Structures are given as structure tokens and as C-alpha cells.
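Working notes, beginning with the structure itself.
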Amino acid sequence: MLKLFNTLSKKIEDFNPLTSEQVGLYTCGPTVYDFMHIGNLRTFLFSDTLYRVLSANGYKVKFIQNITDIDDKIIKKAKEENIPLSEITNKYTKFYFEDLKKLNITPADVYPKATEHVGKMAKYIEKLVEKGLAYVEEDGSVYFDISKFEDYGKLSGVEGRTLKTGTRILSRAARELRSSDEYNKDNIQDFALWKAVEADEKVGYDSPWGRGRPGWHIECSVMSQEYLGDTFDIHAGGVDLIFPHHENEIAQSEGYTGKKFVNFFLHGEHILVNGAKMSKSLKNFYTLKDLEKKGSDPMAYRYLVLTAHYRDKLNFTWESLQAASNALNKLREEIRGWPNVILNANKGSQDLDSSPLWGPSAQNDNYYQRFLDVLNNDLNTPQALAVLHEMISSNSPISNKAKSLLEMDKVLGLKLDEYLGKKLEIPERVKKLVEEREDARKQGNFEKSDELRKKIIELGFEIKDTPKGPKIT
Ligand SMILES: [Zn+2]
């Protein structure tokens, strides 16, 4: 039985899907105006693990993730660089998908874009106004009136109804704050559904209230419900989205339909870098490209993320990444030594069953079941890795181990099938580079040796210096 921690109830609950046919999963996607940092990527790795655990339990998952391609930050950047919005959003959407691929994150079934759903958002807002849940300001902006939605605060625990929102005469500063997509618990307030824009503003859409553009929160309500229905199973995201974003989504959606919006809200914790919160000003803000520049394999980052439970903070350091990389390489080396088999991702285990190499299949170990059990206990990936390592070093027949390993990796997503039984063949070109690097090191030319190491990594090999000389993995 799969159990998940539900932020709505603050409890671990049995997961029962709404229908037996499929599970609806929505994860808030990227705002495409910059590279994703490793904290964002941790959230996407967490929701990928969730997706894979649901699949391992036999559920068919319909997975939707939005692309926020209109927002304050994107507009600001487009103005600064004097280029169209789409030039920025197309560029960073492409980079986002590259990151997903490198990290072996399962693609969503649909990636709806905010800019392609503006008409639907306007209609949705109209209905909220009709229902008396939203009001139109003189300038043509539309706000959600949180005092009209009784359950406001049920996810995050903030108390919306105690707030006085009756007075509409606000200072300019208060107005700006209210129309911003991001604010914190100190200023719980009505939030913008539609933002009026000046006539000369390039980015804008016509609406019943004049020219404007949608706020951030409304896009997720509209797009999640369009693809998954009024009520769906799981909504995931980072903890920073609990308030205001997800709280506001609930208010909009439940206000609109009068039905429950989502059964399970799941939130992944932050990443820390050297014990501190990541921020550009502290210069501890890393992207996947930064990790790669240091010679790290993206799969090592995936492994590192799996070593922590998704509801625990993960402290990222270069040492912890190196340790993850070492553990992963050791695992790869170990399974390279297992007998070679021809596998393909779709029918891997069947091939093993019928392969004469593996002999009669013996189902006498229960590692896979234990692995799934710990994951079913609110996605306990550190324990799942522990079961994997225990299995690897056990004396079960290799045929059993290989079968379990491939099944486990469907959930872990570490691409271990690329290593299983595949002896390392080092091309002449790489061998030559390793020799050149050794020479450079002996001459004390570390700049050159670093250069050569990078080239070796680019060719898909890692080099480790041991007392017996360099070792290629
Ligand atoms: Zn969202």
C-alpha cells in the first residue's frame, strides 16, 4: 500500500486514486527566464520519483506540468534586453528540457504554456467575478477576495479571514505589493487574477476589463483542471509554493467549481549549499551546467538527491556530490562485471527470464519487495538505496540480482542498464589522452592536465588518480 505525506492533513495517508484507470499528477513547472538552479531540479527529481513509484505500483499516471512563460521576471528581462518575450522563454524552455533529459526525468504527458491559455484564464476569472469571489478595480485589474473564500488558509495554515481587506484605498507601495506574484506570510492579502497594463505596454491581452495579463496563480488552476478535471489526485511542488501559490490555487479552483481541488498535496524540501540557503548574492547558486563544468556527471546529482528523503533539507557541498559520484561509480563498476546480456529497456526482465545465461529463475530473495515497501512508505529513497546496496553485496545468484537491479532502476532512474554486464572498453583516443595527462602532471603542468581531464570527461569517461596510477571508469 502506497502511503504519502499529505500537506493538507499534515499526515501520512494511504494513497487511493480517484479512479482505477489512472492517477492525475500535476507539478508546478519552471518560469522560463533563466537556468534552473539545483534546488529547482531537486523538486523535479522528487516529483519524478513520485511518478516512478506510482508506476511501480501499477498505476497509469497522467502527468501534467505547466511552463510559466509570462510573468513579472520574464517581462523585466525582456525589457532589459530589449527582445521579445518569446525569445527568452523559448531559449530557457529548451535549456529546461535539456536538464530534464540529462537527469533522466520522465517527461510529462503535456507541458501546457501559460501564454496559450490566456483566453481560458480570462473566462475562468469572469466566472469568479460573477460568483462574487473576485472584484474588478478601477484600473481594470481583477483581484481574488480571500475574505469570501471560507477555507482560505487550509493548506498553509495562514488565517485569511481575520484580515481586513475591505478597504480598497491603498498606497502605491501596497498596490504594487498586492499585484506582485510573490509575497510572503507577512502580507496575506487579496491577490491579482488579472493585472491591467498601460496602453503602451507591449505584453498584454484584451479582456472584458481592458488590456492586461493574467497573474501567476490562475494559470495553474486553469491548466491543471483543463487536463486533469475539476478534482484530481496529486499536486506536487517545492515547499516554497505552499504559500501563497498553492493556497491561492485552492481558493481559485474550489471557489470556481465548489468541489475539492486536489486530494494530495506533496511538497519537496529545499536544498542548502554549505548549510546556507541558495542565493545569487551569496554566490552559492548553482545550475546543472555549473556541476558539469566541474566534471560532474548529472547522474551523480540524481544519486545525491536520492540519498536524502524529499521532506528533509539536503545540504549540497562539492564533497557530498563527490561522495555520491564515487558511490555511483562503484556501483557501475560492480555491475559491469556481471555477465553480459542483451537488454532492452522495455523487455529487459523478460529477456533475462528466457536467457539461457541466467539459468532457472529463482525467486527466493525479496529485495525488490523490500525496496518497494520502503518507497511506498512516503518515498523513502535513502532506505531504498540501502536495500539496493544490500542486494548488490548479497550472495544471491547474479541472475536474480540483475533482474532486481533493473526493476529497481526503473524507479531510481540511474540508467544502470547502460552498465550492467557491459565491460568497459576504452577507446585508443581516451588512452592517449590519459597518457598525455600523466605526462603533464609529472611535469607539474596542472593547467594542461585539467584541460585533458575535461576532454576525457567529455568523451564519457572519468579518471581517478590512485597510488597505482590513473584509473579510468
Ligand atoms: Zn503552479
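The values are calculated or read from the model by the stated rules, or taken from the named source; none is laboratory data. Values in this document were obtained by computation on a predicted structure and should not be read as measured data. Note that we place each Cβ from the backbone using ideal geometry, even for glycine, and neighbour counts take in every protein chain shown.
State whether one or more residues within the range 21-29 are buried (at least 21 other Cβ atoms within 10 Å of the Cβ), more than 16 Å from the ligand (Cβ to nearest atom) and assigned to a strand (DSSP E or B).
Yes, there is a match, as at least one residue in the range 21-29 is buried (at least 21 other Cβ atoms within 10 Å of the Cβ), more than 16 Å from the ligand (Cβ to nearest atom) and assigned to a strand (DSSP E or B).
Only one of these is farther than 18 Å from F265 by Cβ, among the basic types (K, R) and away from the ligand (no atom under 16 Å from the Cβ): K10, K62, K91. Name it. Explain how you work it out, then say what you get.
Numbers: K10 fails: farther than 18 Å from F265 by Cβ; K62 fails: farther than 18 Å from F265 by Cβ.
So the residue among K10, K62, K91 that is farther than 18 Å from F265 by Cβ, among the basic types (K, R) and away from the ligand (no atom under 16 Å from the Cβ) is K91.
Is it true that some residue in the range 38-46 is in contact with a strand residue (DSSP E or B) (Cβ under 8 Å, 6 or more places away or on another chain), within 16 Å of the ligand (Cβ to nearest atom), farther than 22 Å from K277 by Cα and in contact (Cβ under 8 Å) with a residue 40 or more places away in the chain?
No, the range 38-46 contains no residue that is in contact with a strand residue (DSSP E or B) (Cβ under 8 Å, 6 or more places away or on another chain), within 16 Å of the ligand (Cβ to nearest atom), farther than 22 Å from K277 by Cα and in contact (Cβ under 8 Å) with a residue 40 or more places away in the chain.
Confirm whether L375 is modelled with pLDDT of 90 or more, in a helix (DSSP H, G or I) and crowded, with 21+ Cβ neighbours inside 10 Å.
Values: modelled with pLDDT of 90 or more: yes; in a helix (DSSP H, G or I): yes; crowded, with 21+ Cβ neighbours inside 10 Å: yes.
Yes: the conditions hold for L375.
Taking the range 241-260 on its own, how many of its residues are modelled with pLDDT of 95 or more and touching a His at 6+ places or on another chain (Cβ under 8 Å)?
Of all residues in the range 241-260, those modelled with pLDDT of 95 or more come to 241-242, 245-260.
Then keep just the ones that are touching a His at 6+ places or on another chain (Cβ under 8 Å); that gives 241-242, 245-246, 248-249, 252.
Looking only at that region, the number is 7.
Just to be sure before I move on: is G58 on the phi > 0 side of the Ramachandran plot and assigned to a loop (DSSP other than H, G, I, E, B) in the structure I sent? Explain how you work it out, then say what you get.
Working: on the phi > 0 side of the Ramachandran plot: yes; assigned to a loop (DSSP other than H, G, I, E, B): yes.
Yes: the conditions hold for G58.
Determine whether I83 is outside any helix (DSSP H, G or I) and within 16 Å of the ligand (Cβ to nearest atom).
Values: outside any helix (DSSP H, G or I): yes; within 16 Å of the ligand (Cβ to nearest atom): no.
In short, no.
Give Q369, Q383 a once-over and let me know the one that is among the polar types (S, T, N, Q), touching a helix residue (DSSP H, G or I) at 6+ places or on another chain (Cβ under 6 Å), surrounded by fewer than 19 Cβ atoms within 10 Å (Cβ to Cβ) and within 27 Å of G268 (Cβ to Cβ).
Details: Q369 fails: touching a helix residue (DSSP H, G or I) at 6+ places or on another chain (Cβ under 6 Å).
Testing whether each residue is among the polar types (S, T, N, Q), touching a helix residue (DSSP H, G or I) at 6+ places or on another chain (Cβ under 6 Å), surrounded by fewer than 19 Cβ atoms within 10 Å (Cβ to Cβ) and within 27 Å of G268 (Cβ to Cβ) leaves just Q383.
Restricting to the range 45-64, name every residue that is crowded, with 20+ Cβ neighbours inside 10 Å and either under 18 Å from D290 (Cα atoms) or among the polar types (S, T, N, Q) (or both).
L45, S47, T49
Here are the criteria: (1) assigned to a loop (DSSP other than H, G, I, E, B); (2) over 16 Å from S141 (Cα atoms); (3) in contact with a Gly (Cβ under 7 Å, 6 or more places away or on another chain). Tell me which single one G210 does not satisfy.
Unmet for G210, out of (1) assigned to a loop (DSSP other than H, G, I, E, B); (2) over 16 Å from S141 (Cα atoms); (3) in contact with a Gly (Cβ under 7 Å, 6 or more places away or on another chain): (2).
Which members of the range 225-245 meet the condition of being within 13 Å of the ligand (Cβ to nearest atom) and of a type in the set (D, E, K, R)?
Answer for the range 225-245, where residues must be within 13 Å of the ligand (Cβ to nearest atom) and of a type in the set (D, E, K, R): just D240.
If you take the residues in the range 419-446 that are within 36 Å of the chain's Cα centre (by Cα) and loosely packed, with under 11 Cβ neighbours inside 10 Å, which one is farthest from I392 (Cα to Cα)?
First, pick out the residues of the range 419-446 that are within 36 Å of the chain's Cα centre (by Cα): 419-427, 430.
Keeping just the survivors that are loosely packed, with under 11 Cβ neighbours inside 10 Å gives 423, 425.
Working: K423: 18, E425: 23 Å.
Among those residues, the one meeting the criterion is E425.
When both residues are 6+ apart or on different chains and their Cβ atoms are under 7 Å apart, which pairs have a first residue that lies in the range 116-133 and is closer than 15 Å to I70 by Cα, and a second that is hydroxyl-bearing (S, T, Y) and surrounded by 18 or more Cβ atoms within 10 Å (Cβ to Cβ)?
Filtered contacts from the range 116-133: A122/S207.
May I ask you to list the residues in the range 261-288 that are more than 16 Å from the ligand (Cβ to nearest atom) and surrounded by 14 or more Cβ atoms within 10 Å (Cβ to Cβ)? Can you show your working first?
Step one: list which residues in the range 261-288 are more than 16 Å from the ligand (Cβ to nearest atom), which gives 263, 269-288.
Of everything in the range 261-288, those that are more than 16 Å from the ligand (Cβ to nearest atom) and surrounded by 14 or more Cβ atoms within 10 Å (Cβ to Cβ) turn out to be N263, E269, H270, I271, L272, V273, M278, N284, F285, Y286, T287, L288.
Within the range 276-311, work out how many residues are closer than 14 Å to K102 by Cα and aliphatic (A, V, I, L, M).
Summing the residues that are closer than 14 Å to K102 by Cα and aliphatic (A, V, I, L, M) in the range 276-311 gives 4.
State yes or no: is G229 in contact (Cβ under 8 Å) with a residue 12 or more places away in the chain, surrounded by fewer than 18 Cβ atoms within 10 Å (Cβ to Cβ), assigned by TED's automatic domain parsing to the domain that holds F191 and over 27 Å from K94 (Cβ atoms)?
Values: in contact (Cβ under 8 Å) with a residue 12 or more places away in the chain: yes; surrounded by fewer than 18 Cβ atoms within 10 Å (Cβ to Cβ): yes; assigned by TED's automatic domain parsing to the domain that holds F191: yes; over 27 Å from K94 (Cβ atoms): yes.
Spelling it out, G229 is indeed in contact (Cβ under 8 Å) with a residue 12 or more places away in the chain, surrounded by fewer than 18 Cβ atoms within 10 Å (Cβ to Cβ), assigned by TED's automatic domain parsing to the domain that holds F191 and over 27 Å from K94 (Cβ atoms).
Just the residues that are away from the ligand (no atom under 11 Å from the Cβ) and surrounded by 24 or more Cβ atoms within 10 Å (Cβ to Cβ), please, taken from the range 203-224.
Initial filter on the range 203-224 (away from the ligand (no atom under 11 Å from the Cβ)): 203-215.
Within the range 203-224, G212, P214, G215 qualify.
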